[in-house]
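Bear in mind that the values in this text are calculations on the coordinates, not laboratory data. Treat the numbers as computed from the prediction; the structure is a model and nothing was measured. Ideal geometry is used to build each Cβ from the backbone, glycine not excepted, and the neighbour counts take in all protein chains shown.
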Amino acid sequence: MTTAWLMLAVGDKRQHGGNDGYDDNPRYHYSWDSTVPNHGNVAVGDVIVLWDKKELIGISVIHAIETGTDEKAVYSCALCGRADIKRRSTVTPAYRCDKCKGEFDTPHREIKTVTTYRSRHGKTWISGPDGLGSVMGGAELRALCDSPRSQLSMRPMRWEKLHAAILDIVGEDEVPVELDGGENTPIRGGHKVSKVRVRVGQSAFRERLLREQGEQCAMSGKAPAAVLEAAHLYSYAESGEHHEYGGLLLRRDIHRLFDLGQIAVDPVTSLIDVAPELHSYPLYAELHGQPVTVELRPEHLVWLEAHWLSKRTAA
């Protein structure tokens, strides 16, 4: 039975009233320690769903968990000793306890030895709006949990509900194999209305690339227009802009592997680099070390180098 977890990750804003926060990079790893409820229940092979309280950030499968020990400052209410405190930036006193409702400027501080955990899940990362093509909001994600009203930063989800929700968004044939779970999960029928984030100008962006580059994949060569997609060389989800010379036409399967970083362009040689895990597939292995099939402008090279640094050198 597949186990899934909804985990809160909001970058520098991710904090708990009882500690100094965590070092997260949602695309690659998620950190927690033994002061967090459910800290010892997460395992390799579990599905990890990251959100920012408002919407889905991304989904992946944990392929490794690193553990260690560390000294950690733990803070608690100066009045009742509970850790359910929040720092307030615009109100004084600076702290308020959710349990006893007490207010104070300086919390009690204690140094504890804790077990640290860090998931590694970058190999199968699927960006929420980008990879699934739809916005999954906070209310929807809470409803998929064992306890929808839970306030825990790491809370168990109902895999069968999560799997069905993904099916509703992308369809049975498009569910990423990493999230298939190996289960014979019943598939619900019918239809529902879903809020979808549409990329404004995407069609015009693709038409421009077809005019500039012709009917050919920039990695594999000539291909019918029907299988060519306009691939942004940067995260469109973050910028929301179609930059000039910021895209190339890629065959649909290569586009997917490019987004995952398994196919990239080496900024030193300007040659196609295929990740070792794909070398057993002749279709992709033969691309390794080959030049791209279209003329690259300096702007392309800038974006391709940024893609390489993001996908191949990030932690």
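A few comments on the model shown:
- The range 279-292 - phi-based ³J(HN,Hα) in whole Hz, Karplus 6.51/-1.76/1.60, Gly and Pro as x: 5, 7, 10, x, 4, 9, 4, 5, 7, 4, x, 8, x, 5
- Too-long pairs where the Cα-Cα distance tops 32 Å, listed order kept, from LYS99/LYS123; LYS72/LYS101; LYS53/LYS101; LYS72/LYS161; LYS101/LYS123: LYS99/LYS123; LYS72/LYS161; LYS101/LYS123
- Residue-count net charge about GLN151 - beta-carbon cut-off 12 Å; Lys, Arg +1, Asp, Glu -1: +3
- Amide proton proximity set for MET157, modelled H, under 5 Å, gap of 5+: ALA4, TRP5, LEU6, ASP146
- Counting 0.36 nm for each residue step from GLU215 to VAL302 and taking away their Cα separation leaves a gain of 29.0 nm.
- Burial ranking of peptide ranges 159-165, 42-48 (average Cβ count within 10 Å, highest at the top): 159-165, 42-48
- Here ARG208 and ASN25 are evaluated by their C-beta separation; at R0 = 30 Å the FRET efficiency comes out at 0.35.
- Peptides 303-310, 62-69 ordered by average Cβ neighbours within 10 Å, highest first: 303-310, 62-69
- Spin-label model, HIS63 to ARG256: label points 7 Å out along the Cα-to-beta-carbon direction sit 1.6 nm apart.
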